Structure formats: structure tokens, C-alpha cells
Amino acid sequence: MNAFVSGVQSAFQGNLLKRTTNASPQTSEPYTWNKVIVLDLLERSIIFTIFSLFALRTYHKLSATQDLRFYLLLLSEIVPMAFLLLRRPSPTLSDRPSDWLIGVSGSIAPLLITPSPAHPWVPFVVCYIIIISGICVQLSAKIFLGLSFGIIAANRGVKHEGPYRFIRHPMYAGYTMAHIGLLLAMPVAMNAFWYGIAFLLQIARMNREERVLKQSQEYRDLMKRVPYRLVPGIY
């Protein structure tokens, strides 16, 4: 707990001045130590609880079938979960209810899919390549993102290296790739529904994050150099 509080203090001291400088008089609100800690712990607790239920459900299916698709499903969601638990707290974490609703809902939606032994739409090997590629994109983004990660809009620092040279949100691009591969591998109607909802909420999360990030001149400069969010040359 002492290490966690030290991390909060470090992040708080490094970012509080930037927050109060960039914020307008109408929107600036001083963050207290307690508020930073409570919001951060709340974010982690919500997603950890939901992930635990998903992991338990998937594990039961995995134990019964030993289906490789279920291993990849579990791995694809363990990666962002690990990022969340290890990330650095941010004193710029949004406290807007709408940001929390979109952030939490966007994280819940892909955890509601049904591990299904349905026949895939494309050969298994194609599904596996897409899923693993998506996970690799997430990991490459994480290497350059470091401990700056979360599900609620915040300014956790502007990144310029690695995949961030080509798209502004490679982590979301990796999620989307993995979800496409999993849907092709387990093509049932409810999975298509939840992954569709997850994608729409990811777009909303990107908009919310950029609302916060665009307060920084550094990020506005990045937007000029890197005009694409998810797919180079397209979007």
C-alpha cells in the first residue's frame, strides 16, 4: 500500500501543475490526495471484479473442452487486465459520470461474449494469426506506454515512439484486431453483438480521451504529425 501511495504522490506532483495550468477557470477543480486514490482504486476494483467473473466462466469452458480458442480468448483479456493493475495512477483521471459509464461499459462488453465451439467462418489458422497479431500490437503499444494505462479518460502522457508513430491509439487497434479474430473463431450472434458494442464504445472512449489530451499542446502537435487513430491511411 505504501508503494501505491508513493506512486500516486509521484504522479500527482508531476502532473498537478500541468492540470491546473491547462484547465479553464470554469472546469478546473483541485484534486485532493484522497480523491486521486479513491478514483484510482475504484477504477481498478470495478474492472478486476468483472474480469474475475469472466475468467471463471471461461476457465470452466476451457476445462471441459481444452479448445485453443478459449486459451486465446483468456489471454486476449488477461493482457489489458495486467496493464491496468500495473499502471501508474493519474491525477488527471476524469470524474465525469459519462466518462466512467463509457469507460467501464467498454471494458465490460467484450467480457460478456460466450466461449463457443461453433465452427469458425475462416480457417482456424487465420483466426489465430489475427488474434495473436492483435495481442502483439497491444504489447508493442504497452512497451512504449509504460505504466500509463487506464480505462477512464485521463492525460497519462503523450507517446511518440513505436506504433504511436503510425496511429494515435495502437492499444485500441490491438483490441479490435483480437476481437475480430475471436469473432471469426466463435461466430455466434451474441458475440457479434457484444463485440460490436465494444467497438462503438471504444470509439467513444477515444473521443473522451482526446478531449482531455487535446488540452496539451504536445498532443495537438502529435495530431498534426499522426492524423490516424486506428488504421494508418484510413481512420
Inside the range 128-159, can you point out the residues that are of a type outside the set (Gly, Ala, Ser) and without any contact (Cβ under 8 Å) to a residue 24 or more places away in the chain?
ILE143, PHE144, LYS159
Under 6 Å between Cβ atoms, at least 6 apart or on separate chains: pull out the pairs that start in the range 112-127 with a residue that is touching a residue at least 60 places away in the same chain (Cβ under 8 Å) and closer than 22 Å to ARG57 by Cβ and end on any residue that is β-branched (Val, Ile, Thr) and buried (at least 17 other Cβ atoms within 10 Å of the Cβ).
PRO115/THR58
Mind checking whether some residue in the range 203-213 is more than 30 Å from HIS119 (Cα to Cα), surrounded by 14 or more Cβ atoms within 10 Å (Cβ to Cβ) and of a type in the set (Asp, Glu)?
yes
If THR32 satisfies every condition in (1) over 28 Å from ILE108 (Cα atoms); (2) open to solvent by less than 40 Å² (accessible area, probe 1.4 Å); (3) at pLDDT 55 or above but one, which is the exception?
(2)
Condition (residue is under 25 Å from ARG57 (Cα atoms) and outside any helix (DSSP H, G or I)) applied to the range 130-151: is it met by at least one residue?
yes
Would you be able to say whether some residue in the range 43-60 is modelled with pLDDT of 80 or more, closer than 15 Å to ALA178 by Cβ and not in a helix (DSSP H, G or I)?
no
Test for ALA185: is it in contact with a Cys (Cβ under 6 Å, 6 or more places away or on another chain) and either modelled with pLDDT of 90 or more or crowded, with 19+ Cβ neighbours inside 10 Å (or both)
yes
Filter pass, LEU39 being at pLDDT 75 or above, farther than 26 Å from PHE193 by Cα, of a type in the set (A, V, I, L, M, F, W, C) and crowded, with 17+ Cβ neighbours inside 10 Å:
yes
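The values are calculated or read from the model by the stated rules, or taken from the named source; none is laboratory data. The shown structure was predicted, so the numbers you read here are calculated from the model rather than taken from an experiment. Using ideal geometry, Cβ is built from the backbone for each residue, glycine included, and neighbour counts are taken over all protein chains shown. Heavy atoms of the whole protein, side chains included, go into the accessibility calculation; ligands, DNA and RNA do not. Shrake-Rupley method; radii C 1.70, N 1.55, O 1.52, S 1.80 Å.
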